[in-house]
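Asks: Quick one: the structure is below, and I'll ask about it shortly.
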């Protein structure tokens, strides 16, 4: 894709969730796993809502980004989130290592459904879970102008 294409925008490494160059970002790191993808991060206190608890909007952002990266990395498709549903089961502590995993549940034409969750690293207990509908971006929509 040319310089004016969205690929150059996508690859600028400044995504709030996964961009490693964004000084204010979450710096998510991804690993492909059998049946899905995982992201690892340790949120600092600057991301809390209540004292010691990760802000719910940050948890939703993490789920959204991991499910999006699942499709982009395993299907080589550029997608945007059409719907996102999040359920908060337990408070998510700041300052502790977390893992967010996502798996594809349906692929139909230009649409993808995914599910994901956030847990303390090494723990089976789900703290936050979510599901989303992702829509493939049309080629003509990927370029500006």
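Asks: Give the stretch 97-141 a look and list any residue that's closer than 16 Å to residue 43 by Cα, in contact with a strand residue (DSSP E or B) (Cβ under 6 Å, 6 or more places away or on another chain) and not in a strand (DSSP E or B), or say none.
Replies: Within the stretch 97-141, just 121 meets the criteria.
Asks: Checking the condition at pLDDT below 95, surrounded by 14 or more Cβ atoms within 10 Å (Cβ to Cβ) and touching a helix residue (DSSP H, G or I) at 6+ places or on another chain (Cβ under 9 Å), which residue from 84, 78, 98 passes?
Replies: Every option except 78 fails the conditions.
Asks: Determine, yes or no, whether residue 118 is in contact with a helix residue (DSSP H, G or I) (Cβ under 8 Å, 6 or more places away or on another chain), within 21 Å of residue 15 (Cα to Cα), without any contact (Cβ under 8 Å) to a residue 40 or more places away in the chain and surrounded by 14 or more Cβ atoms within 10 Å (Cβ to Cβ).
Replies: No; evaluated as a whole, the condition is false for this residue.
Asks: Look at residue 40 and say whether it is surrounded by 14 or more Cβ atoms within 10 Å (Cβ to Cβ), in contact with a helix residue (DSSP H, G or I) (Cβ under 7 Å, 6 or more places away or on another chain) and modelled with pLDDT of 90 or more.
Replies: When the stated conditions are applied, residue 40 does not pass them.
Asks: Now a separate question. Just for the stretch 124-139: of the residues that are exposed (fewer than 12 other Cβ atoms within 10 Å of the Cβ) and modelled with pLDDT of 95 or more, which one is farthest from residue 48 (Cα to Cα)?
Replies: 124
Asks: From the residues in the stretch 44-68 that are exposed (fewer than 13 other Cβ atoms within 10 Å of the Cβ) and not in a helix (DSSP H, G or I), which one is farthest from the chain's Cα centre (by Cα)?
Replies: It comes out as 51.
Asks: What are the pairs, 6+ residues apart or on separate chains, where a residue within the stretch 47-59 that is within 17 Å of residue 126 (Cα to Cα) has its Cβ under 6 Å from a residue that is part of a loop (DSSP other than H, G, I, E, B) and at pLDDT 95 or above?
Replies: The qualifying pairs are 53/91; 54/43; 54/92; 54/94; 55/49; 59/92.
Asks: Looking at the stretch 69-82, is at least one residue touching a residue at least 40 places away in the same chain (Cβ under 8 Å), in a loop (DSSP other than H, G, I, E, B), touching a strand residue (DSSP E or B) at 6+ places or on another chain (Cβ under 8 Å) and within 20 Å of residue 112 (Cα to Cα)?
Replies: Among the residues of the stretch 69-82, at least one is touching a residue at least 40 places away in the same chain (Cβ under 8 Å), in a loop (DSSP other than H, G, I, E, B), touching a strand residue (DSSP E or B) at 6+ places or on another chain (Cβ under 8 Å) and within 20 Å of residue 112 (Cα to Cα), which makes the answer yes.
The values are calculated or read from the model by the stated rules, or taken from the named source; none is laboratory data. Being a predicted model, the structure only gives us computed values, none of them experimental. Every residue, glycine as well, gets a Cβ built from its backbone with ideal geometry; the counts of neighbours run over all protein chains shown.
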